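**Student:** A single structure is presented below for examination.
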Amino acid sequence: MSRRDLLSYLADLGWRDVEAVSAVPGAASGPQDAGSPAAGGEEPLAAPDLAGMARALAGCTRCRLCRGRTQVVFGVGNPAARVVFVGEGPGADEDRLGEPFVGRGGQLLDRMIESIGWKRSDVYITNIVKRRPPQNRDPLPEEIEAYKPYLTRQIEIIRPRVIVTLGRFSMNYFLPEAKISRDRGRTFTVNGFLIYPVFHPAAALRSPDMMKGLQEDFQKLPKIANGETTSNIVLPKAMAEEKPKAAKPQQGSLF
């Protein structure tokens, strides 16, 4: 990371005397290797289940998001869920409480889940990055890369039928060429998983049209999760020749 990027980042965190940073040994070093053990020496990726992985990741210092954040926001819900919801990253409420989607957007997500006869505890909810970016900005590429092995491992452990992406940013993590206005409410097969993009609940709170679209897309979800709807599956062009893996993939191979 360049010195200019470092100073900009520290300014986002509220530092005022950022020029003093240049005197701190190692201050301009990049993010830690995502494969190195977390604080305390535990390796999250070696954990056999989600609970163990969350405990091991609690002291994570793998990227600069650990500075100034309250805690890791790992995920919540059923470890054997058929449906996993993936957002972008924690907000202020999530950072404070340590649970994803607990603010106004999360409350709407709960209502959408309940509207199709499910409970929050029936599904699994997580984010691409596990710590809150400063001022709720988009995660940077290096931050996404630092947390990518952990989202991959979460999905490996859960093995859901459907991954519901909440909003444009999460959708493009799995489907780089997709556009939310065109592709929300459609199902895509990626590496043997169904990817189902929908509007982000927080965006729906600001737009009646998005709210209507979110409600419509949620009504389709039970049939998709039950395997009753297959005619709407679309293979992204770049992955059209890729066949689902019969065996459980190795770490880092899902997406």
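We did not get these values from a lab; they are worked out from the coordinates using the rules stated. Treat the numbers as computed from the prediction; the structure is a model and nothing was measured. Please note: Cβ atoms are built from the backbone with ideal geometry, for glycine as well, and neighbour counts cover all protein chains shown.
**Student:** By count of other Cβ within 10 Å, fewest leading, how are Leu50, Leu108, Leu205, Leu166 ordered?
**Tutor:** Details: Leu50 21, Leu108 18, Leu205 15, Leu166 26.
In increasing order of surrounding Cβ atoms, one gets Leu205, Leu108, Leu50, Leu166.
**Student:** Continuing with this model, one more query. With an 8 Å Cα cut-off and a minimum separation of 6 or more residues, compute the relative contact order for the range 73-236 in percent. Walk me through the intermediate numbers first.
**Tutor:** Numbers: 278 pairs, mean separation 41.7, N = 164.
RCO, the range 73-236: 25 percent.
**Student:** Would you work out which of Pro160, Pro141, Gly117 lies farthest towards the positive end of the dipole of the range 73-236, given +1 charges on the beta-carbon of Lys and Arg and -1 on that of Asp and Glu, about the Cα centre?
**Tutor:** Gly117
**Student:** Provide the net charge surrounding Val83, with neighbours chosen by a C-beta distance below 9 Å and charges set as Lys +1, Arg +1, Asp -1, Glu -1. If you can, show how the numbers build up before the last one.
**Tutor:** Values: positive: Arg82, Arg161; negative: Asp122.
My count for the surroundings of Val83 gives +1.
**Student:** Which of rounded, prolate or oblate describes the range 73-236 when judged by the alpha-carbon gyration tensor and an a/c cut-off of 1.5?
**Tutor:** Numbers: a/c = 1.32, a/b = 1.20, b/c = 1.10.
Rounded, since a/c falls under 1.5.
**Student:** Under a 5 Å amide H to amide H cut-off, with H placed in plane at 1.01 Å, what residues pair with Val190 once short-range neighbours are removed?
**Tutor:** HN-HN under 5 Å from Val190: Ile195.
**Student:** Exposure proxy check: Ile158, Ile125, Ile116 ranked by fewest other beta carbons within 10 Å? If you can, show how the numbers build up before the last one.
**Tutor:** Details: Ile158 20, Ile125 25, Ile116 14.
Lowest count first: Ile116, Ile158, Ile125.
**Student:** If we count other beta carbons within 10 Å of each Cβ, what is the order of Arg168, Arg182, fewest first?
**Tutor:** On the way: Arg168 20, Arg182 9.
Listed from fewest to most nearby Cβ atoms, that is Arg182, Arg168.
**Student:** Taking the Cα centre of the range 105-195 as the origin, how large is its charge dipole in debye, to the nearest 20, when only Lys and Arg (+1) and Asp and Glu (-1) carry charge on their Cβ atoms?
**Tutor:** Numbers: 16 positive and 10 negative charges, 35 e Å.
With only Lys, Arg, Asp and Glu charged at Cβ, the dipole is about 160 debye.
**Student:** Give me the dipole magnitude in Debye, nearest 20, for the range 73-236 about the Cα centre, with unit charges on the beta carbon: positive for Lys and Arg, negative for Asp and Glu. Could you put the intermediate results ahead of the total?
**Tutor:** Numbers: 23 positive and 19 negative charges, 45 e Å.
Its charge dipole is roughly 220 debye.
**Student:** Return the sequence-ordered ³J(HN,Hα) values of the range 188-195 in whole Hz as given by the Karplus equation 6.51 cos²θ - 1.76 cosθ + 1.60 applied to θ = phi - 60°, using x for Gly and Pro.
**Tutor:** Here the 3J(HN,Hα) series is 10, 9, 10, 6, x, 10, 8, 9 Hz.
**Student:** Could you list which residues have their amide H under 5 Å from that of Glu88, counting only those 5 or more apart in sequence or on another chain, with H placed in the peptide plane?
**Tutor:** Ile128
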